[in-house]
Amino acid sequence: MKKGIIPLFAPGMLLIILVAIVVLLLIVPALLITVSNELMLLFQLAASIVIISWVKNTVGPGMLAYAISGILIYIFVFILPQLTIGIWVLWMFLGLGMWSVLFWGLTLFGKMA
């Protein structure tokens, strides 16, 4: 009988394990910025720079870019930081190709067990 990643799980459980890993990877940064003020400040600074550069590249230089940046920073950095860091983690995974590494690891461990 073919086993999955862990002998307790069937091969069909890989998708459930993958969803659990993704949820864990999204919850951990949100908990870290909630607990630590230093990490929250670092996140706010980095997210503000990303938002300003994205808006200036999209809209162009000028007062309209600063007004839109200010509104987006207020909403996403100060009101909804946990949601923003979750979106940021997903964006980093997509940008760095980590999804393929995660799928490759799951299939590798699935074949080994």
Subset tally (residues that are buried (at least 16 other Cβ atoms within 10 Å of the Cβ) and either among the aromatic types (Phe, Trp, Tyr) or outside any helix (DSSP H, G or I) (or both)) for the range 24-53: 1
Lone unmet requirement of (1) at pLDDT below 90; (2) more than 30 Å from residue 16 (Cα to Cα); (3) outside any loop (DSSP other than H, G, I, E, B) for residue 61: (3)
Complete set of residues in the range 1-23 that are outside any loop (DSSP other than H, G, I, E, B) and either modelled with pLDDT under 60 or of a type in the set (Val, Ile, Thr) (or both): 16, 17, 19, 21, 22, 23
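The values are calculated or read from the model by the stated rules, or taken from the named source; none is laboratory data. In this text the structure is predicted, and so the values were computed from the model without any measurement. Glycine gets a Cβ as well: all are built from the backbone with ideal geometry, and neighbour counts include every protein chain shown.
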